[in-house]
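Since the structure comes first, as structure tokens, the remarks are kept for the end.
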Amino acid sequence: MTAAAIFFVTHGSSDRRSWLSLQNLVSLAQSRSDRLIGGGCLEGQEITLAQQLEQFAIKAIAIGITEIEILPMLLLAGVHVSEDIPDEVAIAQSKLHDKVQENLIFRITPHLGTDSQIPNLLLQHFQKYKNQKYKNTQSLEKQGQILVSHGSRRVGANQVVEDLATHCQAIAAYWGVEPKIETQIENLLAQGINQINVLPYFLTEGGITEAIARKIDVYRDLAQIQLLPVPLSDEQIVSISLQYSALR
């Protein structure tokens with residue numbers, strides 16, 4: 001039996017870096033696996049995710065593959081995970097049924113952010129930069145940490161970010177909903193905390209992380225504040241994804 005193919009799904013963006021990042025992940029994963037691997041984006045492409053998946057499926061069918069594992073490369077369980085991806089997969093399944101006779105199975109795995117390694121990877125990332133920045137500082141008790149995520153308006157959707165922040169001895173902030181990054185920085189300053197590390201909980205650098213950096217710049221005269229790099233390297237993302245797929 002031919003092993004299932006793997007199809008990464010990222011959020012996507014009009015920013016070209018988003019597509020290039022996905023291609024890097026696919027190439028890296030392909031170099032570490034003998035399975036057929038591809039990827040697509042929910043947004044930012046000329047064709048829909050369903051069409052991207054359909055094109056990949058036709059290639060898979062041509063070499064005898066009858067199953068595709070769809071890995072949502074998303075950190076939070078928002079609308080994209082619960083509705084958009086399943087809807088696009090269903091459309092692709094229907095279109096393929098009309099075009100080919102083979103019975104191809106699509107299987108959506110849990111999204112990347114559910115992996116059990118994530119909390120400690122974030123903690124280690126915070127600790128790495130805390131040690132680098134403040135290893136010669138005496139007032140360690142005056143340091144603050146903020147974990148900033150996109151955030152969701154869905155009830156309960158942000159609890160995972162709150163839990164991750166607690167695990168990292170940080171406070172949570174959000175790009176799209178309150179409390180936003182400015183609110184949390186001002187809360188720390190009001191407590192006399194003027195050494196602050198901000199960790200963006202995103203897969204890649206892009207327009208939002210750049211906008212967060214601009215928000216932070218406003219406070220440079222009031223605090224020693226730094227925006228850390230995104231926490232997961234391509235190597236870590238691929239390693240988690242391939243292990244995750246193997247366990248399913």
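To the nearest 20 debye, what charge dipole does the range 5-114 have about its Cα centre, counting +1 at the Cβ of each Lys and Arg and -1 at the Cβ of each Asp and Glu?
360 debye
So which lysines can residue 142 reach, going by Cα to Cα under 20 Å and dropping same-chain residues fewer than 8 places off?
128, 130, 133
Under a plain spin-label model, where a point goes 7 Å from the Cα along Cα-to-Cβ, how far apart in nm are residue 163 and residue 108?
With each label point 7 Å from Cα toward Cβ, the separation is 2.0 nm.
Efficiency by 1/(1 + (r/R0)^6): what FRET value for residue 117 and residue 14, r their Cβ-Cβ distance, R0 = 30 Å, to the nearest 0.05?
0.45
Take each of the peptides 69-76, 8-15, 57-64, average the number of other beta-carbon atoms within 10 Å over its residues, and list them starting from the highest.
Top to bottom by mean Cβ count within 10 Å: 69-76, 8-15, 57-64.
Of the listed values (i) 0.93; (ii) 0.97; (iii) 1.03, identify the label whose number matches Rg/Rh (Cα atoms, Kirkwood Rh) calculated from this model.
So the calculated entry is the one marked (iii).
Working out 0.36 nm times the residue gap between residue 2 and residue 243, then minus their Cα-Cα distance, what length gain in nm do you get to one decimal?
84.9 nm
Roughly how many debye, to the nearest 20, is the charge dipole of the range 141-248 about its Cα centre, given +1 on each Lys and Arg Cβ, -1 on each Asp and Glu Cβ, and no other charges? Before the final figure, lay out each step's value.
Working: 8 positive and 12 negative charges, 49 e Å.
My answer is approximately 240 debye.
If you place +1 on the Cβ of every Lys and Arg, -1 on the Cβ of every Asp and Glu, and leave all else neutral, what size is the dipole of the chain about its Cα centre, to the nearest 20 Debye?
The dipole magnitude comes to about 620 debye.
How far apart, in nm, are two points set 7 Å out from the Cα along the Cα-to-Cβ line at residue 33 and at residue 234?
A separation of 1.6 nm, rounded to one decimal place.
Residue 95: which aspartates and glutamates have alpha carbons under 14 Å from its alpha carbon, excluding same-chain residues fewer than 8 sequence positions away?
54, 87
Taking 0.36 nm per residue of sequence separation and subtracting the Cα-Cα distance, how much length would be gained by fully extending the chain between residue 55 and residue 217, in nm to one decimal?
Numbers: separation 162, 0.36 × 162 = 58.32 nm, distance 4.37 nm.
So the extension gain works out to 53.9 nm.
Pick out, from 105, 51, 79, the residue whose Cα sits farthest towards the positive end of the charge dipole of the chain, with +1 on the Cβ of Lys and Arg and -1 on the Cβ of Asp and Glu.
Farthest towards the positive pole: 79.
Under 14 Å from the Cα of residue 180, which aspartates and glutamates turn up, not counting those fewer than eight places away in the same chain?
Reachable aspartates and glutamates: 162.
Under a plain spin-label model, where a point goes 7 Å from the Cα along Cα-to-Cβ, how far apart in nm are residue 128 and residue 79?
3.4 nm
Here, each number is a calculation from the coordinates, and none is a lab measurement. Bear in mind that the values here come from a model prediction, so they are computed numbers and not experimental data. Backbone-built Cβ (ideal geometry, glycine too); neighbour counts: all protein chains shown.
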